[in-house]
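S.K.: Let me begin by handing over the structure; questions about it come next.
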Ligand SMILES: CC(C)(COP(=O)(O)OP(=O)(O)OC[C@H]1O[C@@H](n2cnc3c(N)ncnc32)[C@H](O)[C@@H]1OP(=O)(O)O)[C@@H](O)C(=O)NCCC(=O)NCCS
């Protein structure tokens, strides 16, 4: 399904690879962590299996040093002529340990370097400070709509290929 091999992530002890059907239980556990229900969606096993089979989707899992799944990211809207890829869902089993950053870093590299997309985008609830901080640190920006204009819908954050390539290396990021 994917042209990328498992590779080391930014955090030395974790690695990333395309998900398989065998990862669905662990993926479901990640999105069902206590406290996650007001920031991230959840799918049933059947929904994940159907999504995994979709050629327009990519699933990536992050693994710890024992090869246990510690997070995942789902990309959607992938097509030969597609210019924008949706980061549909991202969740880390435990927060604040750099796993979300490693997953999104990998996803953006896949989107821009492998898929050659012009833009990546996602939806995030404004109360999700951790998510918004992560996306901002990786160069994503809100679409500028006010809360009134959004009318209760989540914020949209995007990054285009030029901005992705212009990002400063992590050591220079404030
Ligand atoms: C959102 C999520 C994927 C982020 O992953 P994470 O592993 O917790 O985040 P990281 O440890 O990679 O931290 C990312 C950055 O955000 C910063 N950050 C973390 N929490 C923060 C907070 N509450 N306020 C401000 N900054 C914060 C960190 O300092 C880090 O920056 P650094 O790498 O420069 O130190 C994860 O917290 C998660 O799974 N949340 C629940 C599900 C969810 O909300 N998914 C996203 C839906 S849009």
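S.K.: Does residue 107 qualify as being under 13 Å from the mean Cα position of the chain (by Cα), in a helix (DSSP H, G or I) and closer than 15 Å to residue 58 by Cα? Let's see the steps before the verdict.
M.R.: On the way: under 13 Å from the mean Cα position of the chain (by Cα): yes; in a helix (DSSP H, G or I): yes; closer than 15 Å to residue 58 by Cα: yes.
Answer is yes for this residue.
S.K.: Just for region 18-42: of the residues that are without any contact (Cβ under 8 Å) to a residue 40 or more places away in the chain and assigned to a loop (DSSP other than H, G, I, E, B), which one is nearest to residue 154 (Cα to Cα)? Talk me through it step by step, then tell me what you get.
M.R.: Our first condition is that a residue be without any contact (Cβ under 8 Å) to a residue 40 or more places away in the chain; within region 18-42, this holds for 20-22, 24-25, 28, 32, 34-35, 37, 42.
Then drop every residue that is not assigned to a loop (DSSP other than H, G, I, E, B), which leaves 20, 32, 34-35, 37, 42.
Details: 20: 29, 32: 20, 34: 21, 35: 18, 37: 14, 42: 16 Å.
For region 18-42, the residue satisfying everything is 37.
S.K.: Oh, and also: When the residues of region 151-174 are narrowed to those that are within 14 Å of the ligand (Cβ to nearest atom) and either at pLDDT 90 or above or under 13 Å from residue 108 (Cα atoms) (or both), which ends up surrounded by the most Cβ atoms within 10 Å (Cβ to Cβ)? Spell out the reasoning first.
M.R.: The initial filter retains those residues of region 151-174 that are within 14 Å of the ligand (Cβ to nearest atom), namely 153-158, 167-174.
Of the ones still in play, those that are also either at pLDDT 90 or above or under 13 Å from residue 108 (Cα atoms) (or both) are 153-158, 167.
On the way: 153: 11, 154: 14, 155: 19, 156: 16, 157: 21, 158: 17, 167: 14.
Among residues in region 151-174 that are within 14 Å of the ligand (Cβ to nearest atom) and either at pLDDT 90 or above or under 13 Å from residue 108 (Cα atoms) (or both), the one surrounded by the most Cβ atoms within 10 Å (Cβ to Cβ) is 157.
S.K.: A further question follows. Starting from region 100-113, take each residue that is under 13 Å from residue 130 (Cβ atoms) and list its partners that are near the ligand (Cβ under 7 Å from one of its atoms) and in a helix (DSSP H, G or I), counting only C-beta distances under 7 angstrom and pairs at least six apart or across chains.
M.R.: 100/134; 101/134; 104/134
S.K.: Any residue that is under 13 Å from the mean Cα position of the chain (by Cα) and farther than 20 Å from residue 60 by Cβ - is there at least one of those in region 84-93? Quick ask: steps written out before the conclusion?
M.R.: If we filter region 84-93 for residues that are under 13 Å from the mean Cα position of the chain (by Cα), which is where we start, we get 85-92.
Within this subset, residues satisfying the condition of being farther than 20 Å from residue 60 by Cβ are none.
Looking through region 84-93, none of the residues is under 13 Å from the mean Cα position of the chain (by Cα) and farther than 20 Å from residue 60 by Cβ.
S.K.: Considering each of 91, 79 in turn, give the residue that is assigned to a loop (DSSP other than H, G, I, E, B) and either touching a helix residue (DSSP H, G or I) at 6+ places or on another chain (Cβ under 6 Å) or at pLDDT below 95 (or both). If you could, list the steps in order and put the result at the bottom.
M.R.: Details: 91 fails: assigned to a loop (DSSP other than H, G, I, E, B).
Of the residues listed, the single one that is assigned to a loop (DSSP other than H, G, I, E, B) and either touching a helix residue (DSSP H, G or I) at 6+ places or on another chain (Cβ under 6 Å) or at pLDDT below 95 (or both) is 79.
S.K.: Is it true that residue 50 is closer than 28 Å to residue 117 by Cα, away from the ligand (no atom under 15 Å from the Cβ) and part of a loop (DSSP other than H, G, I, E, B)?
M.R.: On the way: closer than 28 Å to residue 117 by Cα: yes; away from the ligand (no atom under 15 Å from the Cβ): yes; part of a loop (DSSP other than H, G, I, E, B): no.
Against the criterion (closer than 28 Å to residue 117 by Cα, away from the ligand (no atom under 15 Å from the Cβ) and part of a loop (DSSP other than H, G, I, E, B)), residue 50 does not qualify.
S.K.: Let me ask something additional. Kindly establish whether residue 96 is surrounded by fewer than 12 Cβ atoms within 10 Å (Cβ to Cβ) and under 16 Å from the mean Cα position of the chain (by Cα). Explain how you work it out, then say what you get.
M.R.: Values: surrounded by fewer than 12 Cβ atoms within 10 Å (Cβ to Cβ): yes; under 16 Å from the mean Cα position of the chain (by Cα): yes.
Yes, satisfied.
S.K.: Output the residue which, of all residues in region 128-137 that are more than 6 Å from the ligand (Cβ to nearest atom) and under 16 Å from residue 91 (Cα atoms), is surrounded by the fewest Cβ atoms within 10 Å (Cβ to Cβ).
M.R.: By that ranking, first place goes to 132.
S.K.: Right, something else. Name the single residue, out of those in region 115-127 being part of a strand (DSSP E or B) and over 16 Å from residue 36 (Cα atoms), that is farthest from the ligand (Cβ to nearest atom).
M.R.: Taking region 115-127 and keeping what is part of a strand (DSSP E or B), we get 119-124.
Adding the requirement that they be over 16 Å from residue 36 (Cα atoms) leaves 119-122.
Working: 119: 17, 120: 13, 121: 11, 122: 6 Å.
By that ranking, first place goes to 119.
S.K.: Taking the stated definitions as given, is residue 139 assigned to a loop (DSSP other than H, G, I, E, B) and modelled with pLDDT of 95 or more?
M.R.: Values: assigned to a loop (DSSP other than H, G, I, E, B): yes; modelled with pLDDT of 95 or more: yes.
When the stated conditions are applied, residue 139 passes them.
The values are calculated or read from the model by the stated rules, or taken from the named source; none is laboratory data. Note that the structure is a prediction, hence the values are computed from the model and not measured. Cβ atoms come from the backbone with ideal geometry, glycine included; neighbour counts cover every protein chain shown.
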